[in-house]
Amino acid sequence: MRTRVYIDGFNLYYGCLKGTPAKWLNPALLCDNLLPRNTIEHVRYFSATVSSRPNDPDQANRQQTYFRALSTEPRISIHLGHFLTHEVQMPDAAAWTSGRYVGRRVIKTEEKGSDVNLATYLLVDAFDNLFDCAVIVSNDSDLKEPIAQVKQRFGKTIGILNPQQRVSRALAPLANFIKPIRKTALSNAQFPSQLKDGGGPIRKPSRW
């Protein structure tokens, strides 16, 4: 079955990669292993470029190194959104006085574009009849309507590889199949510690 995979990179990262040694993940290989009866023709990876922070000055460099690793897999394309950072006032849960929470000025960073980009490519690829099965690697309920349209309007099979412990109640009824992403599957789908592209060697970051 012709299959295309649509990965929400941040949903995948915070769902099952953060705090683990499996961040050097080859998502195309992961899908090959989890879906041996499907022909994985293309993997679209949706993310946004991060900026380094004072407590983690190498963060941006690690991400760019990982993007280079992803680009060595010909079936993977990377689609980038962006971050918005701004000051907002929010209630401090630890500061209650005179019947209300004390407001604090905080820096809020929001990732923008990934879910919209994923939905757009999912619908366009379905319209162009580029797949028989779409596999969504996300648990974001905001994707409910585009997934429903792809299934109902275009008659496509929908699969979900769930990066979190529980499947969204909004997405579950739309899926023809759902598979969890377990630690063993992640560890069995890692890039080699050293790769090479047109820019030279690519080495797995020693610290992540």
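The values are calculated or read from the model by the stated rules, or taken from the named source; none is laboratory data. Worth saying up front: this structure is predicted, and the values here are computed from it rather than measured. Counting neighbours? That spans all protein chains shown, and the Cβs are built from the backbone with ideal geometry, glycine included.
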Residue set Arg68, Arg75; condition over 19 Å from Asn117 (Cβ atoms) and charged (D, E, K, R); output residue Arg68
So is Phe131 part of a loop (DSSP other than H, G, I, E, B), within 19 Å of Arg37 (Cβ to Cβ) and among the aromatic types (Phe, Trp, Tyr) or not?
-> yes
Tally, over region 162-202, of residues that are assigned to a strand (DSSP E or B) and β-branched (Val, Ile, Thr) | 2
For Val124, which of the numbered conditions (1) at pLDDT 95 or above; (2) closer than 16 Å to Ile7 by Cα; (3) surrounded by 15 or more Cβ atoms within 10 Å (Cβ to Cβ) fails to hold?
-> (3)
Can you spot a residue in region 20-35 that is among the small types (Gly, Ala, Ser) and either closer than 19 Å to Trp208 by Cβ or within 12 Å of the chain's Cα centre (by Cα) (or both)?
-> yes
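Output yes when any residue across region 86-102 is at pLDDT below 95 and within 30 Å of Val43 (Cα to Cα), and no when none is.
no
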Starting from region 52-63, keep only residues that are surrounded by 13 or more Cβ atoms within 10 Å (Cβ to Cβ), then list their pairs with residues that are in a loop (DSSP other than H, G, I, E, B) and at pLDDT 85 or above whose Cβ atoms are within a distance under 9 Å, requiring at least 6 positions of separation or different chains.
-> Asp58/Pro205; Ala60/Thr49; Arg62/Lys23; Arg62/Pro205; Gln63/Thr49
Can Pro146 be described as touching a residue at least 12 places away in the same chain (Cβ under 8 Å) and assigned to a loop (DSSP other than H, G, I, E, B)?
-> no
Kindly list, by first and then second residue, each pair from a residue in region 186-204 that is free of Cβ contacts under 8 Å to residues at least 24 places away in the same chain to a residue that is among the polar types (S, T, N, Q), limited to pairs with Cβ atoms under 7 Å and residues at least 6 apart or on different chains.
-> Pro201/Gln194
Specify the residue that is surrounded by the most Cβ atoms within 10 Å (Cβ to Cβ); the eligible residues are those in region 150-161 that are in a loop (DSSP other than H, G, I, E, B) and not charged (D, E, K, R).
-> Phe154
Selection status of Gly19, farther than 14 Å from Leu70 by Cα and either at pLDDT 95 or above or surrounded by fewer than 13 Cβ atoms within 10 Å (Cβ to Cβ) (or both) | yes
What number of residues within region 36-67 are under 16 Å from the mean Cα position of the chain (by Cα) and not polar (S, T, N, Q)?
-> 9
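With respect to Ser77, determine if the residue is surrounded by fewer than 16 Cβ atoms within 10 Å (Cβ to Cβ), out of contact with any Leu (no Cβ under 8 Å at 6 or more places or on another chain) and either at pLDDT 75 or above or more than 23 Å from Arg207 (Cα to Cα) (or both).
The answer is yes for Ser77.
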